[in-house]
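Take a look at the structure below.
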């Protein structure tokens, strides 16, 4: 899903829901860092590798959500990529300044294009690693 603000048919959660690929070592480390900061429990963290059915509940395909970070807002909007990171950072202590910085005019679209390239590379690498590991 390349649209960073798509409507979701699956209903609205009580807290924002962040969908991430827990089978990716890089993703796991980054999300673990954010989760340690979220002492107030402002975000529901969904590891799609461990819980593949949960994204579908909110109208997001597992395959799509695994390729690019997604955050479901409490109003039902789904934000992806750099927009999802900015929405997450707004909720984490110590990251508010970064959320404000990336939200300056023109910055977020530029970051999102860079993230899209990174996400495609990460997904190709992840699929290759999965295939290689199954052959061992």
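Here are the numbers for this structure:
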{"read-out": "Residue within the stretch 5-22 that is surrounded by fewer than 20 Cβ atoms within 10 Å (Cβ to Cβ), under 13 Å from the mean Cα position of the chain (by Cα) and within 15 Å of residue 123 (Cβ to Cβ) present", "value": "yes"}
{"read-out": "Extreme residue, surrounded by the most Cβ atoms within 10 Å (Cβ to Cβ), among residues of the stretch 28-38 that are in contact (Cβ under 8 Å) with a residue 24 or more places away in the chain and assigned to a helix (DSSP H, G or I)", "value": "34"}
{"read-out": "Search result, residues across the stretch 39-76 that are assigned to a loop (DSSP other than H, G, I, E, B), touching a strand residue (DSSP E or B) at 6+ places or on another chain (Cβ under 7 Å), without any contact (Cβ under 8 Å) to a residue 60 or more places away in the chain and closer than 22 Å to residue 122 by Cα", "value": "48, 60, 69"}
{"read-out": "Residue check for residue 25: surrounded by fewer than 20 Cβ atoms within 10 Å (Cβ to Cβ), at pLDDT below 90 and in contact with a helix residue (DSSP H, G or I) (Cβ under 6 Å, 6 or more places away or on another chain)", "value": "no"}
{"read-out": "Output for the stretch 87-108, where each listed residue is in contact (Cβ under 8 Å) with a residue 24 or more places away in the chain and not in a loop (DSSP other than H, G, I, E, B)", "value": "87, 88, 108"}
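The values are calculated or read from the model by the stated rules, or taken from the named source; none is laboratory data. As the structure is a computational prediction, the values presented were derived from the model and not from experiment. Cβ coordinates were reconstructed from backbone atoms using ideal geometry, including for glycine residues, and neighbour counts include every protein chain displayed.
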